[in-house]
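A short write-up of the structure that comes next.
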């Protein structure tokens, strides 16, 4: 899954893809390098990010959706949003294939019902709180046990609403300390108990660059190393800024697995 952020303030590539030309070039590059899914986000979810209105999110998102619906209609497109109304517009008007909701249906109580009606896959992420306060919600007695309970409850609710295709995202960096993130990665295989695909987003995150006293720009090599760990621990989808390097890792893992 290649990342296309159409935000001015994302932690790594904010304000890079704000024109038609830059969006087209970015998508073409990711597809050429081997991305199976393009994930478009118009709401920055980095810790402490500004909360924006639904109208502002749509203003950023719709130009990108118009481009992909015209030029990349054969590609699998995901939209990163926790708004059920935006999910509805993205799927019904622009042919989006997947809804990626960082809030797990908590921010918009109509999300599960809407996704079920749209009949598209839903990425269910673990988080406590929201991007503005999530790093104040990092206390766990047993993070793996508590996350397993969270997923169990959310999966049950989603399936009761009629969502048939679920993908789990453990939410690296969301309401988790540096240590929590590495505990989670080390025990990622525990979530195979749900028998659902697992998506992992580690790309250039602070759990990498803060641990190494780097910047996001310096974090590609370390991201690649942790992505290999994630795959070996059962990750099915890698959400990345750097598609070419992620595809290389996947190919090497296939050799290791044969």
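The values are calculated or read from the model by the stated rules, or taken from the named source; none is laboratory data. Note that the structure is a prediction, hence the values are computed from the model and not measured. As a convention, Cβ positions derive from the backbone with ideal geometry for all residues, glycine included, and neighbour counts pool all protein chains shown.
Counting just the residues of the range 163-186 that are buried (at least 19 other Cβ atoms within 10 Å of the Cβ) and either without any contact (Cβ under 8 Å) to a residue 24 or more places away in the chain or in a loop (DSSP other than H, G, I, E, B) (or both), which one comes out nearest to the chain's Cα centre (by Cα)?
Selected residue: 171.
Need pairs with beta-carbon distance below 6 Å; first residue more than 17 Å from residue 219 (Cα to Cα) and within the range 246-258, second in a helix (DSSP H, G or I); sequence gap 6+ or separate chains.
Here the result reads 253/231, each pair linking the range 246-258 to a residue that is in a helix (DSSP H, G or I).
Yes or no: residue 174 under 17 Å from residue 125 (Cβ atoms) and in contact with a helix residue (DSSP H, G or I) (Cβ under 6 Å, 6 or more places away or on another chain)?
Judged against the criteria, residue 174 is a match.
Based on this model, can you work out whether residue 159 counts as touching a residue at least 60 places away in the same chain (Cβ under 8 Å), more than 16 Å from the chain's Cα centre (by Cα) and at negative phi?
no
Identify the residue in the range 195-241 that is touching a strand residue (DSSP E or B) at 6+ places or on another chain (Cβ under 9 Å) and exposed (fewer than 15 other Cβ atoms within 10 Å of the Cβ) and, among all such residues, is nearest to residue 125 (Cα to Cα).
Filtering the range 195-241 for residues that are touching a strand residue (DSSP E or B) at 6+ places or on another chain (Cβ under 9 Å) and exposed (fewer than 15 other Cβ atoms within 10 Å of the Cβ), the one nearest to residue 125 (Cα to Cα) comes out as 236.
Scan 44, 78 and give me the residue that is within 14 Å of the chain's Cα centre (by Cα), outside any helix (DSSP H, G or I), modelled with pLDDT of 95 or more and within 21 Å of residue 168 (Cα to Cα).
The unique qualifying residue is 78.
When you go through 135, 160, 192 one by one, which is the residue that is at pLDDT below 95 and assigned to a helix (DSSP H, G or I)? Show your work before the answer.
Values: 160 fails: at pLDDT below 95; 192 fails: at pLDDT below 95.
Of the residues listed, the single one that is at pLDDT below 95 and assigned to a helix (DSSP H, G or I) is 135.
Of the residues that sit in the range 106-132 and are exposed (fewer than 14 other Cβ atoms within 10 Å of the Cβ) and under 21 Å from residue 89 (Cβ atoms), which one is modelled with the lowest pLDDT?
The first filter runs over the range 106-132 and keeps only residues exposed (fewer than 14 other Cβ atoms within 10 Å of the Cβ), leaving 109, 119, 132.
Pick out the ones that are also under 21 Å from residue 89 (Cβ atoms) and you get 109, 119.
Values: 109: 94, 119: 98.
Top of the filtered list is 109.
Which residues, counting only those in the range 218-243, are in contact (Cβ under 8 Å) with a residue 24 or more places away in the chain, in a helix (DSSP H, G or I) and over 15 Å from residue 184 (Cα atoms)?
Within the range 218-243, 220, 224, 243 meet the criteria.
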